[in-house]
Amino acid sequence: MRCDQTPAWKALTAHASEAKGFDLRTAFAQDASRVQHLSQNAPHVFADLSKNHVDAATEALLQALAQQTGLIAHRDAMFRGEHINTTEDRAVMHWLLRQPEGSLGGDLAEPLALVHATLQPMLAYAETIRADAQITDVVNIGIGGSDLGPQMAVLALQDFVSEGKRFHFVSNVDGHELASVLKGLKAEHTLFLIASKTFTTIETMTNARSALAWLQAQGGTQVARHFAALTTNVAAAADFGITTTFGFWDWVGGRYSMWSAIGLPLAIAIGTQGFKDLLAGAHAMDQHFQTAPPELNLPMRLGLLDVWYRNFLNYTSRSIAPYHSALRRLPAYLQQLEMESNGKRVDRNGHALPFDTSPVLWGEPGTNGQHAYFQMLHQGTDVVPLEFIAVKKPTHNLTDHHELLLANAIAQAQALMVGKSDEGGHKHFTGNRPSTFLLLDELTPASLGSLIALQEHRVFVSGSVWGINSFDQWGVELGKVLAKDIHARMASGDVTGLDASSAGLLERIR
């Protein structure tokens, strides 16, 4: 049953109306055990949900909504390998990429064997590159999930990166990006990784051809040594001159692909054991999502909280504030993960939805954000739930820095909640602003894997409740098609059939 047709949806609507006067300060004063009830451990992650606009009654109604929309059955169908990506008639099995070898039977035994048959040579190649002192720079050329995942992870795990290697990521078709990367490189010391499932993605292949031309202009003739491809189109890669390829499958969506061959730059950066630890951390969260009771299932609690905020309290966005500079690309990664997955206006049957779906995700690392957009979070007219992500132990010895960093994270969450009275108005903080606090003991491959899997499953939960297909991305296609048409007109100047604005811009640019 679609969520808006359930008894729980109606009950939540009434509950939201009654809860308009909800105040976090009052809630804490009235319930001494609020933190215990609204905090929990999950693999590698501690979550404090107590500063959110929820109480026991809210959570109970949200759990009822999950039950009435068939969330658990939908989750189980995904883990059975059923084709829950209905518009493309595909299974959704990115979770299989981190499943231990030989751990599944039945229909899943063969695809799991294929996963490990690809993973092992990929990791062996990564070790070869790690041991090759002549290769000092690795350039990953991809876009979307073929860029955001590995780039975010390599930056996040920089303390585990092999010495003697530098990593660069090029995604934008804007030539300024590729040119600025190539400016500091030498062909004989560079390895290019071309990440495109079809080997036809226009941005990726445009950059790949320019990289090849740059290599050849420097006298490079060993294309097979300096290029590898992460693709299923082996023939096209061979025509390019690439002999080393690693593939993946149509049941791996781009934004869920960092666990696959798309993670090769990360495997080169952190090595075989580091990559296996990443997979193990994600698998631990997979198991938590599969087996933890709903009331203690962290992905379910977060995903249902997202539904509560979006549809019943009408909060339109969520800000991500990682208090760790190595996680600076995490907000961008989560933007794609959630907004490309759940930015949909029709349900799985193609019927227009009468309610809102994905919030807008945005953010910057703390403490930088405090001196930028936190002004709006504290005193703006919109209420924006904030998600803090902090790490208990640093990997540097500047202990005063880390203590100050964590003090700021705790203080900002406190300030958002308690506020401050000021009769003059300008220094008045209303408080009662919601936030979630996620805490890792350390930022390691395992904890990063668990954190990212948590976010993947959270997105699944809200999408499942909304009754949408979180695993297609048709909204990406239309602009691509029209760009080909406009590009062809650049040379001819033909504006026939174009709208007046597009025609005017084309003429001005020409």
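The values are calculated or read from the model by the stated rules, or taken from the named source; none is laboratory data. All of these numbers come straight from a predicted model, not from anything done at the bench. Heads up, the Cβs are rebuilt from the backbone with ideal geometry, glycines too, and the neighbour counts pull from every protein chain shown. With ligands, DNA and RNA removed, areas are computed over all heavy atoms of the protein, side chains included. Shrake-Rupley method; radii C 1.70, N 1.55, O 1.52, S 1.80 Å.
Some notes on this structure:
- Cα gyration tensor shape for segment 267-325, rounded if a/c is under 1.5, else prolate or oblate: oblate
- Counted over all Cα-Cα pairs of segment 380-456, pairs farther apart than 16 Å make up 61 percent.
- Arg90 accessible area, assembled protein chains, probe 1.4 Å, Å²: 80
- Theoretical FRET efficiency, 1/(1+(r/R0)^6), r = Cβ-Cβ of Ala14 and His428, R0 30 Å, to 0.05: 0.40
- Extension gain from Ala411 to Thr26, taking 0.36 nm per residue of separation minus the Cα-Cα distance: 136.7 nm
- Structure-derived Rg and Dmax of the Cα atoms in Å - corresponding label in (1) 24.1, 74; (2) 23.8, 79; (3) 25.7, 97: (1)
- Cα-based reach from Lys344 at 30 Å (exclusive), listing lysines while leaving out same-chain residues under 8 positions away: Lys10, Lys20, Lys51, Lys197, Lys480, Lys484
- Euclidean distance of C-alpha centroids, segment 274-335 and segment 1-54, integer Å: 17
- In terms of its C-alpha gyration tensor, segment 329-380 has an oblate overall shape, because the principal axis ratio a/c (a ≥ b ≥ c, square roots of the eigenvalues) is not below 1.5 and a/b does not outweigh b/c.
- In the chain, the longest principal axis of the Cα atoms and the axis of helix 500-509 are about 50 degrees apart.
- Mean Cα-pair separation over length for segment 6-82, i.e. relative contact order, pairs under 8 Å, 6 or more apart, %: 38
- Cα centroid of segment 433-495 to Cα centroid of segment 72-143, whole Å: 19
- Angle in degrees between helix 145-156 and the longest Cα principal axis of the chain, rounded to the nearest 10: 70
- Applied to segment 61-66, the Karplus parametrisation 6.51 cos²θ - 1.76 cosθ + 1.60 on θ = phi - 60° returns per-residue 3J(HN,Hα) values of 5, 5, 5, 5, 4, 4 Hz, with x for Gly and Pro.
- Kirkwood Rh, angstrom, segment 246-375 [1 / mean 1/r, Cα pairs]: 17.4
- Per-selection metrics, segment 6-151 (Cα): Rg and Dmax in Å: 23.0, 67
- Computed from backbone phi, the HN-Hα couplings of segment 323-337 come to 8, 6, 4, 5, 9, 5, 9, 4, x, 5, 4, 6, 4, 5, 3 Hz, rounded to whole numbers (Karplus: 6.51 cos²θ - 1.76 cosθ + 1.60, θ = phi - 60°; Gly and Pro given as x).
- Against the chain, whose longest principal axis is taken from its Cα atoms, helix 477-492 shows a tilt of about 40°.
- For segment 345-481, accessible area per residue (1.4 Å probe, heavy atoms of protein chains only), Å²: 47
- In a simple Cβ point-charge model (Lys, Arg +1; Asp, Glu -1; nothing else charged), segment 51-93 has a dipole of about 100 debye relative to its Cα centre.
- Rounded to the nearest 500, the helix-only mean residue ellipticity at 222 nm of the chain stands at -14500 deg cm²/dmol, with each DSSP H run of n ≥ 4 adding -39,500 (n - 2.57).
- Atom-type composition of the exposed protein surface of the chain places 53 percent of the accessible area on carbon and sulfur (1.4 angstrom probe).
- Computed over segment 177-295, Cα set: Rg, Dmax in Å: 17.3, 62
- Gyration tensor verdict on segment 11-66 (Cα atoms; rounded if a/c is under 1.5, prolate if a/b is larger than b/c, oblate otherwise): oblate
- Gain on full stretching of the segment that runs from Asn314 to Thr291 - 0.36 nm per residue minus C-alpha separation: 5.2 nm
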